[in-house]
Structure formats: structure tokens, C-alpha cells
Amino acid sequence: MYNKEDFAALPRLVKLSDREFAITFPYDIEFELYCYFVNYIKYPMDIKYNPEVTAWTTTKETGGWITEKSANKKVMLFIAEDDNEHDNVFLTTEDNIGYKLGFAVGEEKQFLETPKKRYFTPPIDINTLTEKQAEDFQ
């Protein structure tokens, strides 16, 4: 639905195994759309399953959901295990600063004294994915 007027999100799906997939965005995607995508993968409409979803990116300058503590850093996005609101994602920076990023007005970014999950590097080197068969979506 975000690609109606222009191509805002062009995901590439790579099957790693029968139960594991990597989704990349070979073309830049806005950080906010990326957060919505992570949430949608965890909570798709009218599909019943319970995936474990973790995503990584490098943030840019402050603004929107990015603060001075999370700007220009490697970050990990995920849905917390105890999440029951279904309208947010959690962020942990590479230096373990945590935020709850909410989709409701006024809930966009909430600093957490302790991140819900400690940062860890992606278990897959993104450069090795070019060797695998992929499917692009528009």
C-alpha cells in the first residue's frame, strides 16, 4: 500500500531454510516505514502465526523517531516478548540504549532505562545473501 504513488518500500525475500528468511531493502527505505514493516511481519492482518522478528539498520540524523542518543548508530528493531499492544516496535542501539517506538500520536519514542533486549549483531552477513536466490516485491 505504500508503493501506490512511488516506490517507498521494495523488499527482497531470501529463503535461508524452511523456517528462516531474510528480508532486505536493496533500495533505501524511510526509518518509520521500516518500523511499520517490522511490526506488520510480527502482526500481519488475518494470518495466524507467531514468528520471531528481529531487524537491523543504521540510523541517520535525528528527527522523527530518531533522537540524539540513537542517531547515526547501528540499531536492532524487534517486538518485545511481553508486548500486548501490537502497535509499536522496540529499538536497541549498538551501545544498548533502548526505546519503545509507538505508532500512536504522543507515543512515538519512549526512552527505556533498560532496553527490552540487548543489542547483538545480525547472525547473517548481508553480503552473503547475494549468492542466494531471492524474490523482489513491489
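No value in this document is a laboratory result; all are computed from the given coordinates. Bear in mind that the values here come from a model prediction, so they are computed numbers and not experimental data. We place every Cβ from the backbone using ideal geometry, glycine too, and count neighbours over all the protein chains shown.
Output the residue which, of all residues in the stretch 69-96 that are in contact (Cβ under 8 Å) with a residue 40 or more places away in the chain and of a type in the set (Lys, Arg), is nearest to Glu107 (Cα to Cα).
Top of the filtered list is Lys69.
In this structure, does Phe111 turn out to be closer than 20 Å to Leu16 by Cβ, among the aromatic types (Phe, Trp, Tyr) and touching a residue at least 24 places away in the same chain (Cβ under 8 Å)?
Details: closer than 20 Å to Leu16 by Cβ: no; among the aromatic types (Phe, Trp, Tyr): yes; touching a residue at least 24 places away in the same chain (Cβ under 8 Å): yes.
So Phe111 does not fit the description; no.
Can Tyr43 be described as of a type outside the set (Asp, Glu) and either over 22 Å from Glu135 (Cβ atoms) or within 14 Å of the chain's Cα centre (by Cα) (or both)?
When the stated conditions are applied, Tyr43 passes them.
Which residue pairs have Cβ atoms closer than 7 Å, lie 6 or more positions apart in sequence or on different chains, and pair a first residue in the stretch 11-25 that is over 15 Å from Ile41 (Cα atoms) with a second residue that is surrounded by 15 or more Cβ atoms within 10 Å (Cβ to Cβ)?
Leu16/Ala22
What residue, among those in the stretch 104-126 that are among the charged types (D, E, K, R) and farther than 18 Å from Ala55 by Cα, is surrounded by the most Cβ atoms within 10 Å (Cβ to Cβ)?
Here the answer is Glu108.
Please state which of the following conditions Thr59 fails to meet, knowing it meets all the rest: (1) over 19 Å from Phe120 (Cβ atoms); (2) surrounded by 17 or more Cβ atoms within 10 Å (Cβ to Cβ); (3) in contact (Cβ under 8 Å) with a residue 24 or more places away in the chain; (4) of a type outside the set (Lys, Arg).
Looking at each condition in turn, Thr59 falls short on (1).
If only one of Leu129, Leu91, Leu101 is surrounded by 12 or more Cβ atoms within 10 Å (Cβ to Cβ), more than 17 Å from the chain's Cα centre (by Cα) and of a type in the set (A, V, I, L, M, F, W, C), which one is it?
Leu129
Condition first: touching a strand residue (DSSP E or B) at 6+ places or on another chain (Cβ under 9 Å) and under 16 Å from Asp28 (Cα atoms). Now tell me which residues in the stretch 52-72 satisfy that.
Ala55, Trp56, Thr57, Thr58, Thr59, Lys60, Asn72
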